[in-house]
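Asks: Here it is, the structure in full.
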Amino acid sequence: MTDQPLIAASGIVKGYETAAGYVPVLRSLDVTIAAGEMLAITGASGVGKSTLLHVLGTLDRPESGQVSVGGENVFTLGERRLRAFRNRTLGFVFQFHHLLPEFTALENVMMPLLIAREAEAEARRRAEALLEELGLSERVHHRPGMLSGGEQQRVAVARALVHSPRALLADEPTGNLDRETGARLHELLRRFCSDRGVAVVVVTHNEGLADACDRALRLEGGKLNDRVAGAGAP
């Protein structure tokens with residue numbers, strides 16, 4: 001892990017218009033994440049954790065403030081360049097894996113590379129190698145419906161990492177798994193974080209996962225604060 005931030009957000013303001021009026025969510029929020037760091041973001045339901053992850057991942061634009069990824073001020077880019085930047089720089093894992101049910105595990109992992117016009121043979125090689133590294137070499141030709149929940153989530157992690165992103169953003173990645181399976185997935189994320197220098201940002205209610213990260217911050221009142229280790233969510 002280095003001291004140089006890979007992701008730096010400053011002055012982030014984001015809210016939503018509702019029938020009852022404007023609801024502020026993020027209020028002049030600042031955060032930095034270093035390459036190779038695993039950061040947990042915790043907080044009560046509805047405080048804006050997923051909104052923050054979407055802003056950091058360039059899926060949603062803030063009303064004001066800026067986000068830099070690898071020194072690139074991402075929200076100054078037009079939509080086409082921003083989409084291309086996101087596709088080559090960031091990986092995403094969600095609570096529900098969103099695998100394509102008609103395709104095998106291998107085909108699901110190959111998909112981002114094929115969409116990026118990678119040669120099929122190279123896409124297959126990279127996908128097979130990553131699935132083997134994640135302990136799924138005997139499941140590559142199984143469709144999602146034939147895999148356990150933990151196996152499906154590992155396939156989703158492989159799909160997020162196959163294009164060698166610089167940062168992985170995970171929204172409740174263990175939330176749909178039992179405790180033991182979630183712990184194994186967490187260890188996989190940590191290993192990739194440390195071995196490959198990938199920054200990992202995890203939104204979680206899992207206190208054990210948060211305690212095991214390099215840092216854990218709590219989102220309250222639209223800002224991030226230091227989290228007390230082992231403090232449960234309300």
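The values are calculated or read from the model by the stated rules, or taken from the named source; none is laboratory data. For clarity, every value in this text was computed on a predicted model and none was experimentally measured. Virtual Cβ from ideal backbone geometry, glycine too; neighbours counted across all protein chains shown.
Asks: Among residues belonging to region 8-30 that are β-branched (Val, Ile, Thr) and at pLDDT 95 or above, point out the one that is surrounded by the fewest Cβ atoms within 10 Å (Cβ to Cβ).
Replies: Step one: filter region 8-30 for residues β-branched (Val, Ile, Thr), giving 12-13, 18, 23, 25.
Applying the additional criterion that residues be at pLDDT 95 or above yields 12-13.
Values: Ile12: 25, Val13: 16.
Among them, the one singled out is Val13.
Asks: Could you figure out which of (1) touching a residue at least 24 places away in the same chain (Cβ under 8 Å); (2) in contact with a helix residue (DSSP H, G or I) (Cβ under 7 Å, 6 or more places away or on another chain) isn't true of Glu72?
Replies: It is condition (1) that Glu72 fails.
Asks: Does region 225-233 contain any residue that is surrounded by fewer than 16 Cβ atoms within 10 Å (Cβ to Cβ) and touching a residue at least 60 places away in the same chain (Cβ under 8 Å)?
Replies: yes
Asks: Within region 79-96, is even one residue touching a strand residue (DSSP E or B) at 6+ places or on another chain (Cβ under 9 Å) and either in a loop (DSSP other than H, G, I, E, B) or under 12 Å from Ala9 (Cβ atoms) (or both)?
Replies: Looking through region 79-96, at least one residue is touching a strand residue (DSSP E or B) at 6+ places or on another chain (Cβ under 9 Å) and either in a loop (DSSP other than H, G, I, E, B) or under 12 Å from Ala9 (Cβ atoms) (or both).
Asks: Which residue out of Leu82, Leu131, Leu136, Leu113 is without any contact (Cβ under 8 Å) to a residue 60 or more places away in the chain, over 27 Å from Gly208 (Cα atoms) and crowded, with 18+ Cβ neighbours inside 10 Å?
Replies: Leu113
Asks: Considering every residue within region 153-173, establish whether at least one is over 15 Å from the mean Cα position of the chain (by Cα) and either surrounded by fewer than 20 Cβ atoms within 10 Å (Cβ to Cβ) or not aliphatic (A, V, I, L, M) (or both).
Replies: The answer is no; no qualifying residue exists.
Asks: To continue, here is another question. Going through region 93-110 one residue at a time, which ones are under 18 Å from the mean Cα position of the chain (by Cα) and either at pLDDT 90 or above or among the aliphatic types (A, V, I, L, M) (or both)? Before you say what the answer is, go through the steps one by one.
Replies: The initial filter retains those residues of region 93-110 that are under 18 Å from the mean Cα position of the chain (by Cα), namely 93-99, 108-109.
Of everything in region 93-110, those that are under 18 Å from the mean Cα position of the chain (by Cα) and either at pLDDT 90 or above or among the aliphatic types (A, V, I, L, M) (or both) turn out to be Val93, Leu99, Asn108, Val109.
Asks: Out of Glu122, Glu72, which single residue is over 21 Å from the mean Cα position of the chain (by Cα), acidic (Asp, Glu) and either modelled with pLDDT under 95 or surrounded by fewer than 13 Cβ atoms within 10 Å (Cβ to Cβ) (or both)?
Replies: Residue meeting the stated conditions: Glu122.
Asks: Further question: Scan region 38-60 and tell me whether some residue there is assigned to a strand (DSSP E or B), over 23 Å from Glu172 (Cβ atoms) and touching a residue at least 12 places away in the same chain (Cβ under 8 Å). Can you show your working first?
Replies: The initial filter retains those residues of region 38-60 that are assigned to a strand (DSSP E or B), namely 38-42.
With the extra rule that they be over 23 Å from Glu172 (Cβ atoms), the set shrinks to none.
Taking every residue of region 38-60 in turn, none turns out to be assigned to a strand (DSSP E or B), over 23 Å from Glu172 (Cβ atoms) and touching a residue at least 12 places away in the same chain (Cβ under 8 Å).
Asks: Next question, about the same structure. With the requirement that a residue be of a type in the set (Val, Ile, Thr) and part of a loop (DSSP other than H, G, I, E, B), what does region 104-163 give you?
Replies: Result: Thr104, Val140, Val162.
Asks: Here's a follow-up. Considering region 140-160 alone, what residues qualify as being in contact with a helix residue (DSSP H, G or I) (Cβ under 6 Å, 6 or more places away or on another chain) and either without any contact (Cβ under 8 Å) to a residue 24 or more places away in the chain or closer than 24 Å to Ala119 by Cβ (or both)?
Replies: Within region 140-160, Val140, Val155, Ala158, Arg159 meet the criteria.
Asks: Additional query: Can you find a residue in region 138-158 that is over 27 Å from Asn87 (Cα atoms) and β-branched (Val, Ile, Thr)?
Replies: No.
To keep it simple, each residue is scored yes or no on (1) under 15 Å from Leu189 (Cα atoms); (2) among the β-branched types (Val, Ile, Thr); (3) in contact with an Asp or Glu (Cβ under 7 Å, 6 or more places away or on another chain).
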residue: Ala127; (1), (2), (3): no, no, no
residue: Leu130; (1), (2), (3): yes, no, no
residue: Leu134; (1), (2), (3): yes, no, no
residue: Ser137; (1), (2), (3): no, no, no
residue: Gly145; (1), (2), (3): no, no, no
residue: Glu151; (1), (2), (3): yes, no, no
residue: Arg159; (1), (2), (3): yes, no, no
residue: Val162; (1), (2), (3): yes, yes, no
residue: Pro165; (1), (2), (3): yes, no, no
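Asks: Could you grab me the full set of residues in region 85-110 that are of a type outside the set (Val, Ile, Thr) and in contact (Cβ under 8 Å) with a residue 60 or more places away in the chain? So that I can check it myself, show each step before the final result.
Replies: Initially, region 85-110 is screened for residues of a type outside the set (Val, Ile, Thr), giving 85-88, 90-92, 94-103, 105-108, 110.
Matches in region 85-110: Asn87, Arg88, Leu90, Gly91, Phe92, Phe94, Gln95, Phe96, Leu99.
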